[in-house]
Structures are given as C-alpha cells and as structure tokens.
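Reviewing the structure listed below.
What follows draws every value from the coordinates through simple rules; no lab data is involved. Note that the coordinates shown come from a computational prediction; the quantities given were computed from them, not determined experimentally. Counting neighbours? That spans all protein chains shown, and the Cβs are built from the backbone with ideal geometry, glycine included.
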Amino acid sequence: MDYEQARFNMVEQQIRPWEVLDTAVLDLLFKVKREDYVPAQYRSLAFVDMEIPLGHGEAMWAPKIEARALQALNPGKHERVLEVGTGSGYLTALLAHRASLVVTVEVHEDLRQEAEKKFRAHGLTNIQTRHGDAAAEWNEDGLFDLIVLTGSTPLPPERHLRRLNPGGRLFALVGEAPAMSARLSTCVAPGVFRHVDLFETCVKALVNAPQPERFVF
C-alpha cells in the first residue's frame with residue numbers, strides 16, 4: 001500500500017472538502033502518521049472515511065472530524081490541553097505537536113498503555129496519560145486552555161467548562177442520536193461562555209457521560 005498517496009487522497013478528498021483549510025492543520029496531517037495509531041489489523045483502513053474499532057466498543061473518529069476539531073481548537077504553543085478519552089492516541093499526538101502540554105485521560109487501561117507506547121516511540125514528551133473516568137469532570141491537573149471530549153455527551157459539559165482559563169476553548173459533541181452538534185465553547189470571561197455549533201455528526205457517547213433525566217410513565 002502506498003501510504004503517502006493514501007494520505008494525500010485523504011486530505012484532498014475528505015479533509016479539504018469538509019472546510020479544513022488551515023495550512024498548519026493540513027501540514028500536520030502529513031507529518032503525524034495516522035497509520036501508526038491505528039490497530040494493526042485495520043492499518044489498511046487508516047485513511048478511509050470511517051470510524052475504526054479500538055475495542056471496548058470504542059472507535060477512532062473519522063479523519064475529517066479529527067481535522068475539524070483540531071482546526072476549531074487552534075492550539076497555541078503556550079497552551080495546556082485536557083483530552084477526555086485517549087482512544088488511539090492519534091488526536092492526542094496532533095494536539096501535542098501544537099500545544100505546550102496534553103493531559104489525556106482514558107477509562108480503559110489497556111488503551112491508555114497502548115497509546116503511551118506510541119507516544120514514547122514517536123518521542124512525544126509533552127503528553128501525560130492518566131487512567132480514570134473524566135466523563136463527568138476531572139478534578140486534577142488544574143485549569144486548562146483547551147479541553148476536548150472525544151466521545152459525545154448528551155448534556156452540555158458544564159463542569160468541564162468551569163475548568164477553562166479565560167480565553168480557553170472546549171470542543172464537544174453535544175446531544176443524542178441521530179444528530180449531535182460539534183460545539184466549540186469559548187470562555188470569554190470568568191463564568192461567561194460563547195457557544196458556536198460547527199457541524200452535525202453522530203458518535204458513541206463517553207463511558208459514564210452524564211445523562212438527562214428520563215420520564216417514566
């Protein structure tokens with residue numbers, strides 16, 4: 001398989017048509033090898049427009065969603081990132097190339113360990129992995145400039161918003177099937193947030209994500 005041609009096709013046929021035009025993002029998609037973060041048995045599918053299974057019912061996002069999230073968050077070299085759900089580690093690696101530090105929390109210990117091996121193999125020293133359940137909130141590691149939830153959340157992530165520094169951004173997929181909104185929330189002042197819905201999609205909810213109250217008749 002010609003990985004470089006497949007990567008080029010992914011960018012030109014999937015990423016650009018989905019309004020990802022930031023050259024820094026596009027360049028990074030060529031630099032960080034997505035196939036290195038895909039489970040070995042699915043390596044040939046690394047550039048296909050689909051979710052890729054990781055085990056435990058989890059999956060990598062489709063490439064275009066990863067790219068849109070990175071473009072929306074626009075990490076700066078001085079910024080600290082909290083990632084809720086490490087998964088394959090690919091989005092983590094993309095964030096780490098742009099930010100000062102990425103703290104990534106994974107509820108499945110085997111996924112955390114596998115991702116950590118990949119980070120070490122690629123010399124990514126500004127990533128700190130954690131084993132834990134950060135779906136509702138994460139009380140450790142202080143405040144953050146960027147937060148990304150890699151699974152959907154039926155309710156707006158109010159507790160995570162409170163972990164943002166002024167000027168910080170949070171990317172989350174909010175809502176329930178069949179349609180969820182990819183939402184970028186910006187902390188414009190302490191306790192004050194601006195929300196922009198970017199696109200609609202549908203992905204699996206975070207394990208133990210807070211649920212709305214259900215009426216029982």
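Some observations on this one:
- Listed residues N165, N74, N139, most fluctuating in the chain (Gaussian network, C-alpha, under 10 Å): N139
- For the pair A136 and D36, label points projected 7 Å from Cα toward Cβ lie 3.8 nm apart.
- Order of Y37, Y3 under a 10 Å beta carbon neighbour criterion, fewest first: Y3, Y37
- Counting only trypsin sites (Lys or Arg not before Pro) that DSSP places in a loop and that have at most 16 other Cβ atoms within 10 Å, the longest clean stretch of the chain runs over 78-161.
- Computed [θ] at 222 nm, helices only, for the chain once each DSSP H run of length n ≥ 4 contributes -39500 (n - 2.57): -7000 deg cm²/dmol
- Mean-square fluctuations from a GNM of the chain, with a 10 angstrom spring cutoff on Cα atoms, peak among L143, L91, L155 at L155.
- Relative contact order of the chain, defined on C-alpha pairs under 8 angstrom at six or more residues apart (%): 14 percent
- Mean-square fluctuations from a GNM of the chain, with a 10 angstrom spring cutoff on Cα atoms, peak among A40, A62, A172 at A40.
- The candidate values were (i) 19.2, 73; (ii) 23.8, 89; (iii) 16.5, 57; the one computed from these coordinates for Rg and Dmax of the Cα atoms in Å carries the label (iii).
- Taken as Cα centroids, the stretch 175-197 and the stretch 51-70 sit 20 Å apart, rounded to the nearest whole angstrom.
- Cβ-based exposure ranking for V107, V188, in which fewest neighbours within 10 Å come first: V188, V107
- Lys, Arg +1 and Asp, Glu -1 on Cβ, resulting dipole of the chain about Cα centre, debye, nearest 20: 400 debye
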